[in-house]
1. Sort out which residues of region 32-58 are outside any strand (DSSP E or B) and under 17 Å from the mean Cα position of the chain (by Cα), and write them in order of number.
2. Can you say whether Leu82 is crowded, with 21+ Cβ neighbours inside 10 Å and either out of contact with any strand residue (DSSP E or B) (no Cβ under 9 Å at 6 or more places or on another chain) or not in a strand (DSSP E or B) (or both), as far as the supplied structure shows?
3. If you take the residues of region 118-138 that are surrounded by 12 or more Cβ atoms within 10 Å (Cβ to Cβ) and without any contact (Cβ under 8 Å) to a residue 24 or more places away in the chain, which of them is farthest from Pro11 (Cα to Cα)?
4. From Asp93, Asp98, Asp119, Asp75, which residue is under 14 Å from the mean Cα position of the chain (by Cα) and under 19 Å from Gly45 (Cα atoms)?
5. I need a count of the residues in region 138-156 that are in a loop (DSSP other than H, G, I, E, B) and closer than 18 Å to Ile18 by Cα.
6. Select from region 1-16 the residues that are in contact with a helix residue (DSSP H, G or I) (Cβ under 8 Å, 6 or more places away or on another chain) and not small (Gly, Ala, Ser) and write down the one among them that is farthest from Arg174 (Cα to Cα).
7. Of the residues that make up region 57-73, is at least one in contact (Cβ under 8 Å) with a residue 40 or more places away in the chain, surrounded by fewer than 18 Cβ atoms within 10 Å (Cβ to Cβ) and touching a strand residue (DSSP E or B) at 6+ places or on another chain (Cβ under 6 Å)?
8. Based on what the data block shows, is Ser158 small (Gly, Ala, Ser), modelled with pLDDT of 95 or more and more than 24 Å from Thr50 (Cα to Cα)?
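The values are calculated or read from the model by the stated rules, or taken from the named source; none is laboratory data. Note that the structure is a prediction, hence the values are computed from the model and not measured. Glycine also receives a Cβ, built like all others from the backbone with ideal geometry; neighbour counts cover every protein chain displayed.
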Amino acid sequence: MIKNILITGMPGSGKSTILDKVIVQYPQKVGFITREIRKGKDREGFAIETNSGDKAVLAHILFNTPYKVSKYFVDINNLEPLLPKVSNFKQNDLLYLDEVGQMQLFSDNFKKLVLRYLDADNIAMLTISKIYEDEFTKSLKNRRDVILIEINDENRESKLIFITELIKKIIKARSYITERNRFKIKGNKVEISSAHGKRNLKS
């Protein structure tokens, strides 16, 4: 069953904005958002904020570390202490990560968290880089339980609506599966009761 949503697009396409607008609708959620650090009009780095309000600076132009993407130095020692805070979740929590990109992927523990989210029974919603790709990100995009949605300036609003409705449909479908009284076997047919009435499926 497809229950993992990967949002991709070029930098500035609105991936994080869409993620933000979706997760605000769900009080039960676990994950983190990556936000820009700006001084005036200049972007100086990136900070992480978890669902519980914990924050850390992921990358900055003034850092001095072995890991660098463009002009930003990445400090995985700031990232990794936050990972345990978003590693435990309940059955109905919406899981989210922003983003699966080159900066975050310097951390093997981050990769483990990504797989933990995607392998869980929960709905997981992740943004993923379009300009950086390696074997790990390729494997994520090729998973059978993933839908990959590309965002651009023209389709941003329509994709927001699509993702919002998609999550609702996944939640509804999963609720049907757990409610055995919705299904009745009659001969070689299965009768399904839903909000729209009853339907028959042939075996």
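1. Of all residues in region 32-58, those outside any strand (DSSP E or B) come to 40-41, 51-54.
Within region 32-58, Asn51, Ser52 qualify.
2. Details: crowded, with 21+ Cβ neighbours inside 10 Å: no; either out of contact with any strand residue (DSSP E or B) (no Cβ under 9 Å at 6 or more places or on another chain) or not in a strand (DSSP E or B) (or both): yes.
Spelling it out, it is not the case that Leu82 is crowded, with 21+ Cβ neighbours inside 10 Å and either out of contact with any strand residue (DSSP E or B) (no Cβ under 9 Å at 6 or more places or on another chain) or not in a strand (DSSP E or B) (or both).
3. The first filter runs over region 118-138 and keeps only residues surrounded by 12 or more Cβ atoms within 10 Å (Cβ to Cβ), leaving 118-120, 122-130, 132-133, 136-137.
Those still in the list that are without any contact (Cβ under 8 Å) to a residue 24 or more places away in the chain too: 119, 133.
Working: Asp119: 27, Glu133: 14 Å.
Here the answer is Asp119.
4. Numbers: Asp93 fails: under 19 Å from Gly45 (Cα atoms); Asp119 fails: under 19 Å from Gly45 (Cα atoms); Asp75 fails: under 14 Å from the mean Cα position of the chain (by Cα).
Sole residue among the options that is under 14 Å from the mean Cα position of the chain (by Cα) and under 19 Å from Gly45 (Cα atoms): Asp98.
5. First, pick out the residues of region 138-156 that are in a loop (DSSP other than H, G, I, E, B): 142-145, 152-155.
Right, trim to closer than 18 Å to Ile18 by Cα and you get 152-155.
Counting residues in region 138-156 that are in a loop (DSSP other than H, G, I, E, B) and closer than 18 Å to Ile18 by Cα gives 4.
6. So the first thing to find is which residues in region 1-16 are in contact with a helix residue (DSSP H, G or I) (Cβ under 8 Å, 6 or more places away or on another chain), and the list is 1-9, 13-14.
Then keep just the ones that are not small (Gly, Ala, Ser); that gives 1-8.
Details: Met1: 9, Ile2: 11, Lys3: 10, Asn4: 13, Ile5: 16, Leu6: 19, Ile7: 22, Thr8: 25 Å.
Only one residue fits best here, namely Thr8.
7. no
8. On the way: small (Gly, Ala, Ser): yes; modelled with pLDDT of 95 or more: yes; more than 24 Å from Thr50 (Cα to Cα): yes.
Yes; evaluated as a whole, the condition is true for this residue.
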